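A quick write-up on the structure given underneath.
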Amino acid sequence: MSKHKPHSYQPEQDVHRITLYNTIYPEHQHTSRKDRLYLHFDFACFYAQVEQLRKNIYGIPLIIGGWRKENGQVKGIVATASYEARKMGISTGISAFEAFQICPYVCMLQVDYDAYTAISKQVHFIFKEFAPVVERYSMDEYFMEIDFLKDRSRKEIDDFALRLQKRIYEATRLVGAVGVARSKTYAKLSSSLNKPKGRTLVLTDEDERNEIWPLPVKKVWGVGRRRHEHILAEGYKTIADVAERGNEKTFIRLFGANFGKMLYQTITGEDQGRVMEEISEDYKPKQGVSYGHTFSEGSTDVERIKGEFAIAVQKVCYRMRAYGIRAASYSGMFGFNEPGEPGVGFRFVTPAHTNIDDYVYQGCMKEILPAIEQVCRSGKEIRNIVLGTHDIDKTSQLNVFFQDDEEKAARIKAMDQIKNRFGQQYITRGNTLHRVTGNTHFLSRNA
């Protein structure tokens, strides 16, 4: 995999690996089928562990997230909870008010992404001491190719995993669980079985039947809420149900020829996922690019919501230019502050395939602005947005009936050069400055 050149595009710099790809995409699979071995490392309650270490506050219930007090009432969300808090019934994703009701003396701290990112990068270097191919999948999760161990004994593989855990603990004083398996999916599932610092080796058919098959299908990545409902309707509740009674044709009928086949292989542990150390310069995402953001709190301010969509357009278009792709059709949604209320989906087109911000933003606003204005007039707070490409073009062929304005294209190119050299924070478009703000805040906003 190639390294970035100075001042080159870095399309995934602000993107979590979790949102970068889904392992069931064919382009992220090995083309050859052979026996492989994967290791997955997952920190336990990463944010909480870091704060416990930094502030020496072990033994007390702790939650990390975005929160505030308003008129004496706690508001916000729980990004993660320490094991002490989890034992009391506090879980990730609940409101800070719920956590306070469960435990009035819970310790609440704000997310500090800069601190967590620094530790995450340090651990990535440690992983490189153990294997040449390593993927930092998210801030607290890592994959490693360990094919060089696949013919070794169970004890030798376990000793390798133990040495890795000890090395990370010596460097950071943080603990995490390890899963080793014959597929990337099953390695990830395995690491969740013996937290906070266990090791689970799933090396044989019998291991898979005993350790992985009893898990609910919804634990498998790629199985979201709606897909899970379809799978449940077919009578499949566990991975064992799919492995023993399922068939590829059912999944193809439910989810399409390509996606259905890959999802079936993922659930049954037959996927050949690649450990993606770095995105190569010639990589072009088959499924396009997207951006999603949840505001710190809901808003009915139309201008600020327009600003958030301008940011989304800027992010999506920059990544398209980085990959050398364009799009003519886009889709997305905006959701509301009330839990469980369905969001509003939309789709729009541009005059032709383009990756210029102006054309995409104009098409977006033309389609959704009336709906946003209507919703805001009614007093319903918008809380999150999603925008992504729907139809992409990977060629550099000129459009026959429409050409990007040369001045706009030149201006965008100049802005990209500045971003690539000095950082994206140093130059932006005016319509992205008016964004949703709130009293609930993280120490650093995550893009």
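The values are calculated or read from the model by the stated rules, or taken from the named source; none is laboratory data. Everything numeric in this text was worked out from a predicted model, so none of it was measured. So basically every Cβ, Gly included, is an ideal-geometry build from the backbone, and we count neighbours across all protein chains shown. The accessibility values were calculated without ligands, DNA or RNA, using every heavy atom of the protein model including side chains. Shrake-Rupley method; radii C 1.70, N 1.55, O 1.52, S 1.80 Å.
Quick notes on this structure:
- A 1.4 Å probe, protein heavy atoms only, puts the accessible area of residue 148 near 100 Å².
- Heavy atoms of residue 83: accessible area, 1.4 Å probe, square angstrom to 10: 80
- Note on residue 413: aspartates and glutamates with a C-alpha under 17 Å away, same-chain residues under 8 apart excluded, are 357, 358, 404, 405.
- Filter on 55/419; 306/408; 55/121; 150/188; 121/261; 166/195 - keep pairs with C-alpha separation over 24 Å: 55/419; 121/261
- Per residue, in Å², the accessible surface of the stretch 297-347 once ligands and nucleic acids are set aside, probe 1.4 Å: 33
- Span from the the stretch 302-327 Cα centroid across to the the stretch 133-201 one, whole angstrom: 37
- Between the amide H of residue 94 and those of 78, distances stay under 5 Å, these residues lying 5 or more places away or on another chain, with hydrogens modeled in the peptide plane.
- Sum of side-chain charges, residue 177 neighbourhood, beta-carbon under 14 Å (Lys, Arg +1; Asp, Glu -1): 0
- The 1.4 Å probe gives accessible areas that order 188, 219, largest first, as 219, 188.
- Net +/- balance of residues flanking residue 80 in space, Cβ distance below 14 Å, scoring K and R +1, D and E -1: -4
- Accessible surface ranking that places the most exposed of 391, 357, 158, 151 first, with a 1.4 angstrom probe: 151, 391, 158, 357
- Neighbourhood net charge (10 Å Cβ-Cβ; Lys/Arg +1, Asp/Glu -1) for residue 290: +2
- By accessible area with a 1.4 Å probe, ligands and nucleic acids excluded, highest first: order of 135, 234: 234, 135
- Sequence-ordered 3J(HN,Hα) estimates for the stretch 369-381 from the Karplus curve with 6.51, -1.76 and 1.60 and θ = phi - 60° stand at 4, x, 5, 4, 4, 5, 5, 5, 4, 6, x, 7, 7 Hz, glycine and proline given as x.
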